[in-house]
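S.K.: Below is one structure. I have some questions about it.
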Amino acid sequence: MQQSAISKKNHDIEVLRTVAIVFVILAHVAGILSPDSLYWRILDYARFGSGVDLFFCVSGFIITSSILSTVPKDKSLSAFANFTVPFWKKRFWRLMPSAIFWIFIVLLLAFIWGGKGQIIPFENMFTSALHALTQTQNFYFIECRPAGTCGELGIYWSLSLENQFYLLLPLLAFFLTDRKLALFFFVVFIIQVFLPRTLNAATPVMWPLRTDAVALGVIIAIFAHNAPSSRPYPRLLESKAFCAGAFMIALLLLALLSSPQPFLSFSVGITAVVSGFLVLLASYNRGCFSSHPTVRVFCDYIGSRSYSIYLTHVVALSLTKILFFSAATRYDGLHTALYLAFFLVATLLMSEFNYRIIEMPLRALGRKNKLKKPVAPFI
């Protein structure tokens, strides 16, 4: 594939986003399946929580790539403000309106049905909502998961961690050279990679505070930005057999590494490495994972809505339980198909609503919300 044929849109990244959100759904969908089903036995070997690590690595790559070319050489206070403030505003309008909307939807569900068997009591959900709104859910997760009081808002631990990370990223990018920035994040990665952080009955402190995958994404972005034409180009990316094989092996590893009884004590760190490998291949934007038109179209659609799906799928799971589950819940083939069909349709409809009505219009507002003139430095 010739350089001129490289698409501006990175379809391989959309494939990885699609994989990540599918893994997240696979990690949570067991809640509407029979505890005696084959799927619960599969979860003994693969919990699919590694989808979040893949999200982190993809996000680190994309966000860092988007800001490296805009880091000002001028290190004055006005340059600092004109670099960081628009970035933070853009991130806010990109993520928070959708998050806030679905937090209040979950609170409404808890107010009506909380404590009746399918949703935690409103008081517990309200506490969880406060942490989700203040972007501290990853710290609260250490306490609420073993207590069973996270509720549907437990997933906001990853959003909290990302927002904390991106509060610091532009500061580091402004004050550090690209080489020092890469070295800093390599240290961040290497400090964590060998830590035992398996999520099983206990909740390791570092599990919801992990940043090794996102650090690798940042390093890959720096590498790609500073050597776009001179960095080694793996000719294997032109081989469909290699791309398909590498993709499938990486996905298998991501699944197995999420086992509650992993074959390596530092499986979370290896998960970050596998995620980094996939993002590295995707960073070349050569269609390694997206050469087939059908795959490309499907993943472009799902990948673009992955954030909306992430926020809404837990709401769809709750609605499924509220509407269909009771003391006499049946798990035969027909009823299981009904639960799954309702869950998937509800997730797609709510995510489409969020994407079109909330996410995209307010993302556009965030792009316009820039400082119009330099901020005068303090005297």
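S.K.: Condition first: assigned to a helix (DSSP H, G or I), open to solvent by less than 50 Å² (accessible area, probe 1.4 Å), over 24 Å from residue 19 (Cβ atoms) and modelled with pLDDT under 95. Can you find one or more residues in region 356-364 that meet it?
M.R.: Yes, the conditions are met somewhere in region 356-364.
S.K.: Name every residue in region 21-67 that is open to solvent by 40 Å² or more (accessible area, probe 1.4 Å) and β-branched (Val, Ile, Thr), in order of residue number.
M.R.: 22, 42, 62
S.K.: To continue, here is another question. Can you tell me which residues in region 298-330 are farther than 21 Å from residue 98 by Cα, in contact with a His (Cβ under 9 Å, 6 or more places away or on another chain) and either crowded, with 23+ Cβ neighbours inside 10 Å or not hydroxyl-bearing (Ser, Thr, Tyr) (or both)?
M.R.: 299, 324
S.K.: Taking the conditions exactly as written (assigned to a helix (DSSP H, G or I) and touching a Gly at 6+ places or on another chain (Cβ under 6 Å)), does residue 317 satisfy them or not? Write out each step before concluding.
M.R.: Details: assigned to a helix (DSSP H, G or I): yes; touching a Gly at 6+ places or on another chain (Cβ under 6 Å): yes.
Judged against the criteria, residue 317 is a match.
S.K.: In region 89-105, is there at least one residue being closer than 24 Å to residue 329 by Cα, touching a Lys or Arg at 6+ places or on another chain (Cβ under 7 Å) and in contact (Cβ under 8 Å) with a residue 60 or more places away in the chain?
M.R.: The first filter runs over region 89-105 and keeps only residues closer than 24 Å to residue 329 by Cα, leaving none.
Among the residues of region 89-105, not one is closer than 24 Å to residue 329 by Cα, touching a Lys or Arg at 6+ places or on another chain (Cβ under 7 Å) and in contact (Cβ under 8 Å) with a residue 60 or more places away in the chain, which makes the answer no.
S.K.: Can you work out which of the residues in region 236-266 that are outside any helix (DSSP H, G or I) and within 30 Å of residue 168 (Cβ to Cβ) is nearest to the chain's Cα centre (by Cα)? Before the answer, list the steps.
M.R.: Quick first cut of region 236-266, residues outside any helix (DSSP H, G or I) only: 239, 257-266.
So of that shortlist, the ones also within 30 Å of residue 168 (Cβ to Cβ) come out as 257-258, 262, 264-266.
Working: 257: 17, 258: 16, 262: 22, 264: 23, 265: 23, 266: 21 Å.
Restricting to residues being outside any helix (DSSP H, G or I) and within 30 Å of residue 168 (Cβ to Cβ), the top hit is 258.
S.K.: Restricting the search to region 279-301, which residues are assigned to a helix (DSSP H, G or I), farther than 19 Å from residue 158 by Cα and in contact (Cβ under 8 Å) with a residue 60 or more places away in the chain?
M.R.: First, the residues of region 279-301 that are assigned to a helix (DSSP H, G or I): 279-283, 293-301.
Next, only the ones that are farther than 19 Å from residue 158 by Cα stay: 280-283, 293-301.
280, 281, 282, 283, 295, 296, 298, 299, 300, listed by residue number.
S.K.: Taking residue 174, is it in contact with a Phe, Trp or Tyr (Cβ under 7 Å, 6 or more places away or on another chain) and modelled with pLDDT of 95 or more? Spell out how you get there, then give the answer.
M.R.: Numbers: in contact with a Phe, Trp or Tyr (Cβ under 7 Å, 6 or more places away or on another chain): yes; modelled with pLDDT of 95 or more: yes.
So residue 174 passes the test.
S.K.: Considering only region 331-355, how many residues are of a type outside the set (A, V, I, L, M) and open to solvent by less than 40 Å² (accessible area, probe 1.4 Å)? Can you show your working first?
M.R.: Step one: list which residues in region 331-355 are of a type outside the set (A, V, I, L, M), which gives 331-333, 335-336, 339, 342-343, 347, 351-355.
From the residues that got through so far, the ones that are open to solvent by less than 40 Å² (accessible area, probe 1.4 Å) too are 336, 339, 343, 347, 351-352, 354-355.
Adding up the residues that qualify gives 8.
The values are calculated or read from the model by the stated rules, or taken from the named source; none is laboratory data. No experiment lies behind these values; they were computed from the predicted model shown. Heads up, the Cβs are rebuilt from the backbone with ideal geometry, glycines too, and the neighbour counts pull from every protein chain shown. Ligands, DNA and RNA are stripped out before the accessible areas are found, and what is left, the full protein with its side chains, is counted by its heavy atoms. Shrake-Rupley method; radii C 1.70, N 1.55, O 1.52, S 1.80 Å.
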